[in-house]
1. Give, rounded to the nearest 20 debye, the magnitude of the charge dipole that region 274-356 has about its Cα centre when Lys and Arg contribute +1 at Cβ and Asp and Glu contribute -1 at Cβ.
2. Any idea how far the Cα center of region 158-192 sits from the one of region 238-253, in Å?
3. Among all helices in the chain defined by DSSP H, which have a length of 15 Å or more along the axis from Cα atoms plus a Kyte-Doolittle mean of at least 0.0?
4. At most 16 other Cβ atoms within 10 Å and a DSSP loop assignment: could you name the trypsin sites (Lys or Arg not before Pro) in region 135-233 that fit?
5. Which residue fluctuates the most in the chain, going by a Gaussian network model with Cα springs under 10 Å, if the choices are G212, G225, G135?
6. Name the residue farthest towards the positive end of the dipole of region 20-118 from the options S28, Y77, S98, assuming +1 on Cβ of Lys and Arg, -1 on Cβ of Asp and Glu, about the Cα centre.
7. Can you pick out the pairs among K59/K281; K50/K102; K59/K132; K286/K356 whose Cα atoms lie more than 24 Å from each other?
8. Filter the GluC sites (Glu not before Pro) in region 187-280 down to the DSSP loop ones having no more than 14 other Cβ atoms within 10 Å, then list what survives.
Amino acid sequence: MASKMSETAGGRQDGSELKTEEVISVLSHYDIGETRSIRVYFRGSSKSPKALIESDTGKFILKRRGPGRDDPRRIVYEHAVHDQLRDSGYPVVEIMHSSRSKSKVVRASSGIYELFRYVKASRCEGNPVSVKCCGEALSLFHEKLMEFDEPSPPVRGFHAITDIQQHIERYAKTHKSRGRRACRTIIDYYMEAAQKVDQMGWDQWPKTVVHGDWHPGNVLFGEDGDVLAVLDFDAVRWETRTSDIASAILHFGRYVSALRTDEASTWPVNVDASAACALMKGYISKSRHLPTAMEIAAIPSLIIEALVMETMPVLIQDGQFAHMDALSTLTEVVSSIERIRSDSGRLISSLGAIVK
């Protein structure tokens with residue numbers, strides 16, 4: 001049995017950490033041999049703490065599902081999506097079954113847990129070839145799930161969220177004039193973007209199961225430079241595929257931009273056009289249904305919506321975002337949206353030229 005860790009398996013300061021005794025108790029439900037070590041695994045959301053397990057039979061990642069992501073209906077749906085992809089030959093990691101019930105989850109008083117087989121891999125390097133591969137993988141994800149017929153439980157995306165305006169308005173009252181103005185600007189930009197997307201035909205665009213969180217940390221590469229595994233199905237849902245494309249362009253575009261400038265932070269957001277084009281080239285190379293001109297034209301507005309919904313709910317709940325205080329976050333969100341708006345014409349033109 002592994003020795004007790006010096007602190008906790010999660011190492012967080014927000015009360016969400018995995019404790020050694022908790023990990024050992026959950027692992028007793030699996031037949032993975034003798035546990036040799038349990039280490040902190042910091043990747044991913046702090047609300048879903050993880051531990052890296054090494055045992056006689058290999059390495060595994062233990063994850064406790066975060067609040068709001070522990071609905072049994074959601075879990076069943078996510079696992080069905082995972083199985084569909086696995087059976088089609090799509091690269092996903094193995095979810096381990098418990099030894100007695102053969103379930104893919106273990107329920108305990110402290111939460112719901114999943115155990116994944118660890119894969120040795122690297123992250124997207126950010127060059128055009130690797131970003132194009134990520135676009136190909138996203139397209140195949142969509143293509144393989146367009147006929148998926150399991151009913152999707154309700155999951156909130158980022159487009160046209162009806163109550164975001166009132167939440168931001170209430171939050172604005174906690175700030176002085178500068179913060180209030182920033183909140184008002186963010187509301188105006190979000191509502192304008194959502195209206196544009198609806199007018200362009202959101203309801204008529206092709207739907208599929210979308211990944212919902214397509215960023216560089218969720219696409220792993222093997223030594224041969226190919227995509228080895230796609231991770232994190234916590235946000236999968238039945239929706240217009242363009243939401244995934246726009247979100248991917250946001251995340252990969254800002255990631256590559258940060259790499260180009262040697263900045264550790266992806267704030268303020270600057271969507272690298274070459275990365276967006278590489279992603280789109282990969283996407284259309286594997287798609288049977290090319291994005292329409294209207295879908296392409298809506299991408300900057302969808303990026304704005306995604307950016308607002310990525311930051312504002314967290315800011316309202318926690319009072320800060322990442323390592324930024326509230327006013328800094330609001331300022332960065334406004335400046336990022338304004339940059340996206342300013343660059344929207346060039347981005348649409350560049351992406352449109354690829355699809356033609």
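Every number here is computed from the coordinates shown, using simple stated rules; none is lab data. Remember, predicted model here, so these are calculated numbers, not experimental data. Neighbour counts are summed over all protein chains in view; Cβ atoms, including those assigned to glycine, are modelled from backbone coordinates with ideal geometry.
1. Approximately 660 debye in magnitude.
2. 23
3. Qualifying helices, which must be both long enough and hydrophobic enough, are 128-145, 242-260, 273-286, 293-318, 326-355.
4. Working: sites: K144, R156, R170, K173, K176, R178, R180, R181, R184, K196, K207; in loops: R156, K173, K176.
Within region 135-233, the qualifying trypsin sites (Lys or Arg not before Pro) (loop, at most 16 other Cβ atoms within 10 Å) are R156, K173, K176.
5. G225
6. Selected residue: Y77.
7. Details: K59/K281 35 Å; K50/K102 21 Å; K59/K132 30 Å; K286/K356 15 Å.
Table pairs above 24 Å Cα-Cα are K59/K281; K59/K132.
8. Filter output for region 187-280: E223, E263.
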